[in-house]
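All remarks here apply to the structure that follows.
Each value in this text was obtained by applying a stated rule to the coordinates, not by laboratory testing. These figures come from a predicted structure and were not determined experimentally. All Cβ positions, even for glycine, are placed from backbone atoms using ideal geometry, and neighbour counts span all protein chains on display.
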Amino acid sequence: MASAVKTPAAAAVDFASAIRTIPDYPKPGILFRDITTLLADPATFRAAVDALVEPYKDLKVDLVAGIEARGFILGGAQAHQLACGFVPIRKKGKLPHETVRIAYSLEYGIDEMEMHRDAVKPGDRVLLTDDLIATGGTAEGAVKLLRELGAEIVGASFVIDLPDLGGRSRLEALGVEVQTLVAFSGH
């Protein structure tokens, strides 16, 4: 396990110890990294949000786009800190207005996500966020969906990176800078 962000806010906090690990969830052999323990601690949650926005505070971010569901929690807090708007990226069928949708690959199959067609305007500078990057399929789908609407992706931020699964590399191959707070080896 190694810290991935070198900001002053991140240096003072051991984010890895604030994250609960649940073995064999959702299936045998998987170590589920649960950030609800980090979110429940006010000082650690605040430090995490501060560290996640630090690299972007001077980049004139227009919107934070959060991936359902933990990305909503983090993204709302990040948008508040950056004094910008927030856009939810949801699973198919959850939004009431006209949407755009994209299929993306998961470790175990295909899923779809969508967002309101009018949520992003061409040229909007968007920071993408979620709790964890693993294989990168969901984040890659979100980047493509945002770009389809004309967004400029200023970066992607995650609390956790699982580098052995290659998600960071997938986003970097799309020209997206990735920031994380902590990395855990394995799955």
Could you give me the ³J(HN,Hα) list for the stretch 82-90, computed from phi with Karplus coefficients 6.51, -1.76, 1.60 and θ = phi - 60°, whole Hz, x at Gly and Pro? 8, 6, 9, x, 10, 10, x, 10, 10
For E172 and K91, extending 7 Å from Cα along the Cα-Cβ vector and measuring point to point gives, in nm, a value of 3.1
Springs between alpha-carbon pairs under 10 angstrom, Gaussian network model over the chain: which of D41, D161, D130 fluctuates most? D41
Within the under-14-Å Cβ sphere about V159, not counting V159, Lys/Arg +1 and Asp/Glu -1 give a net charge of -3
In whole Hz and in residue order, list the ³J(HN,Hα) couplings for the stretch 92-101 that follow from phi through the Karplus curve 6.51 cos²θ - 1.76 cosθ + 1.60, θ = phi - 60°; x for Gly and Pro. 3, x, 9, 9, x, 9, 4, 10, 10, 9
Enumerate the whole-percent occupancy of each 10 Å bin, from 0 to the last occupied one, for all C-alpha pair distances of the chain. 10, 39, 37, 13, 0
The chain, Gaussian network, Cα under 10 Å: of K27, K57, K94, the residue fluctuating most is K27
Rounded to the nearest 5, the percent of DSSP beta bridges in the chain running antiparallel is 40
Net length gained if the chain between D24 and A12 were fully extended (0.36 nm per residue, minus Cα distance): 1.2 nm
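May I ask you to derive the FRET efficiency for T36 and D111 from their Cβ-Cβ distance with R0 = 22 Å, giving the value to the nearest 0.05?
So, using R0 = 22 Å, E works out to roughly 0.50.
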Sequence-distant lysines (8 or more away, or on other chains) whose Cα lies within less than 25 Å of K94: K121, K144
